[in-house]
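Nothing in this text is a laboratory measurement; each read-out follows from the coordinates by a stated rule. Everything quoted here is computed from the prediction, not taken from an experiment. Glycine also receives a Cβ, built like all others from the backbone with ideal geometry; neighbour counts cover every protein chain displayed.
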């Protein structure tokens, strides 16, 4: 029997307008890749900047509705699922990653 191995699912993407957050975002995306989430737990993380705003914006989208984690807004609804968002200013990368992890693993509502 030959088993097909599925390629790893991309769980994040980024859209940056400047280089201000580039190193942080690369470290955050590497950390997201190491979460070790079971395949049934569907989520996606978007990291982005907005014109005229120096903060890093983060959206976490789940297929099923979850409870918000502390500091996160939402949920909003879209065709992709239920979205929670948060902005980060002068926050250490490890703390941003911890916050994203809490939202990714938030309990279902």
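Can you give the convex hull volume of the alpha carbon atoms of the range 43-86 per residue, in Å³?
Numbers: hull volume 3.2 nm³, N = 44.
Measuring per residue, one finds 72 Å³ for the Cα hull of the range 43-86.
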Inset, instruction - Within the range 75-97, find all residues whose amide N lies under 20 Å from a label point positioned 7 Å from the Cα of residue 23 along Cα-to-beta-carbon. - result: 88-97
Inset, instruction - In nm, give the distance between the simple-model label positions of residue 108 and residue 55, each being 7 Å from the Cα along the Cα-to-Cβ direction. - result: 3.1 nm
Inset, instruction - Express in % the proportion of alpha carbon pairs of the chain at distances exceeding 16 Å. - result: 58 percent
Inset, instruction - For the chain, find the longest principal axis of its Cα atoms and tell me its angle to the long axis of helix 93-104, 0 to 90°, nearest 10. - result: 50 degrees
Inset, instruction - With everything on Cα atoms, drop me the angle between helix 22-33 and the longest principal axis of the chain, reported from 0 to 90° to the nearest 10. - result: 20 degrees
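Taking R0 as 30 Å, what FRET efficiency do you get between residue 94 and residue 65 from their Cβ-Cβ distance, rounded to the nearest 0.05? Walk me through the numbers before you get to the answer.
Details: r = 28 Å, r/R0 = 0.94.
Efficiency computed from Cβ-Cβ geometry: 0.60.
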